[in-house]
1. Check whether at least one residue in the stretch 12-21 is exposed (fewer than 15 other Cβ atoms within 10 Å of the Cβ), touching a helix residue (DSSP H, G or I) at 6+ places or on another chain (Cβ under 7 Å) and part of a helix (DSSP H, G or I), and report yes or no.
2. Restrict the check to the stretch 79-88 and report whether at least one residue is within 20 Å of residue 2 (Cα to Cα) and modelled with pLDDT under 75.
3. Which of (1) more than 13 Å from residue 68 (Cα to Cα); (2) part of a helix (DSSP H, G or I); (3) out of contact with any helix residue (DSSP H, G or I) (no Cβ under 6 Å at 6 or more places or on another chain) is the odd one out, the single condition residue 28 does not satisfy?
4. Only one of these conditions is not met by residue 57: (1) modelled with pLDDT of 95 or more; (2) within 13 Å of the chain's Cα centre (by Cα); (3) surrounded by fewer than 18 Cβ atoms within 10 Å (Cβ to Cβ). Which number is it?
């Protein structure tokens, strides 16, 4: 799947960081990205550059694509809403 930088998901960075028991300061040391900027990215305050995404992915030891797109539970919600919309449309709703 291809993602745009605007598809960056800060919650994924936070989840991956926490799964590895890294503090923001530790991720900062490993990636060379400031801990303040990491906090802002995790809160989706900014969209990072490709270079920053690569640094974070390398520090977290994941493929850069794992930093993009919705979390699995968000996909379930999207699928549920899509099914609900299709049912309403089939009933004659707009």
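The values are calculated or read from the model by the stated rules, or taken from the named source; none is laboratory data. Note that this is a predicted model, so its numbers are computed, not measured. Note that each Cβ is placed from the backbone with ideal geometry, even for glycine, and that neighbours are counted across all protein chains shown.
1. no
2. Going residue by residue through the stretch 79-88, those that are within 20 Å of residue 2 (Cα to Cα) are 79.
So of that shortlist, the ones also modelled with pLDDT under 75 come out as 79.
Yes: the stretch 79-88 contains one or more residues that are within 20 Å of residue 2 (Cα to Cα) and modelled with pLDDT under 75.
3. (3)
4. Status for residue 57: all satisfied but (3).
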